[in-house]
Every structure is written in C-alpha cells, then in structure tokens.
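K.L.:
Provided herewith is a single structure, encoded as structure tokens, for subsequent inquiry.
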Amino acid sequence: MGYPDEKVMQTWLDAFEGLDVHVKKMFGCCCLYCDDQPVGWFDGDVFSLREVGLSYLPASLKRPSAEDKVQEITIPLEYCNCAWLPRAVQDTAKIRKSGKR
C-alpha cells in the first residue's frame, strides 16, 4: 500500500467535485469518506470502492466474489472521469449509511 502523490490525489478528488467528501490517511493509504461514510481507499494511483452491489458499474471492473475477504472493487485512474463514478461513490455512502451492506 502507498499514499498517492498529490497530483494523482487531486485528479481523483476533482472527479468527486460536488460531493461531500474528505480524505483521511490511515493504514498506509488514504480512506475516502462521503457523507461521513468510509466508501473506499486510495492506494498509489488506484481507488478501491467498497462493494455494495451497485448494478450499473462497468463489466470491465473486477468484482469480488461473496467468499473474498476483501469486498472492494479496484478502479484504475483511467476511470476517474467516468460519469458513473461520482454516482457510485454517493450511492455507496447511502447504502452504507442505511446499514444494508
């Protein structure tokens, strides 16, 4: 694990413009919070979004199986400007807040 450099972090944060997000350093990487819910991790130049069952994510992203210990979807930096990404972060926060996942 490793902290992203400032330019990479800013690129990711620009993708979440308009959302109530903040980042906290912990466990050797950075945790992204949306609406005060932990929704994912930045590690180097990738973002790992917590798996909550969103049906609209691209099929090209590898999703964890139910048996996998880590329930996160790794999203490479080249996806940072995709229109679905801010919605996925917001929806993940809503689902986590509701306690459904």
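The values are calculated or read from the model by the stated rules, or taken from the named source; none is laboratory data. All values reported here derive from a predicted model rather than from experimental measurement. Note: ideal-geometry Cβ built from the backbone for every residue, glycine included; neighbour counts use all protein chains shown. These accessible areas exclude ligands, DNA and RNA; they are computed on the full protein's heavy atoms, side chains included. Shrake-Rupley method; radii C 1.70, N 1.55, O 1.52, S 1.80 Å.
K.L.:
Projected area of the range 28-83, taken from the Cα convex hull and averaged over every viewing direction, in nm²?
P.N.:
Over every viewing direction, the Cα hull of the range 28-83 projects on average to 4.6 nm².
K.L.:
I've got another one for you. Can you tell me the Rg and Dmax of the chain, counting just the alpha carbons, in angstroms?
P.N.:
12.6, 35
K.L.:
Given labels modelled 7 Å from the Cα in the Cβ direction, how far is it in nm from Leu54 to Lys25?
P.N.:
In this crude label model, Leu54 to Lys25 measures out at 2.7 nm.
K.L.:
In addition: Per residue of the chain, what 222 nm ellipticity follows from adding -39500 (n - 2.57) for every DSSP H run with n ≥ 4, rounded to the nearest 500? If you can, show how the numbers build up before the last one.
P.N.:
Numbers: 2 runs with 25 residues, N = 101.
So the helix-based figure for the chain works out to -8000 deg cm²/dmol.
K.L.:
Suppose each label sits 7 Å from its Cα in the direction of the beta carbon; what would the Lys97-Thr11 distance come out to in nanometres?
P.N.:
3.0 nm
K.L.:
Which far-off residues, 5 or more places away or on another chain, put their amide H under 5 Å from the one on Cys29, with H placed in the peptide plane?
P.N.:
none
K.L.:
Between Asp68 and Asn81, what is the label-to-label distance in nm when each label sits 7 Å out along the Cα-to-Cβ direction?
P.N.:
2.7 nm
K.L.:
Any idea what the relative contact order of the chain is, in percent, if you count C-alpha pairs under 8 Å spaced at least 6 apart? Mind dumping the intermediate values first?
P.N.:
Numbers: 153 pairs, mean separation 27.5, N = 101.
So the answer I get is 27 percent.
K.L.:
With every protein chain kept in place and ligands, DNA and RNA left out, what is the accessible area per residue of the chain? Probe 1.4 Å, answer in Å². It would help to have the intermediate numbers written out before the result.
P.N.:
Numbers: 5940 Å² over 101 residues.
About 59 Å² of surface per residue is accessible.
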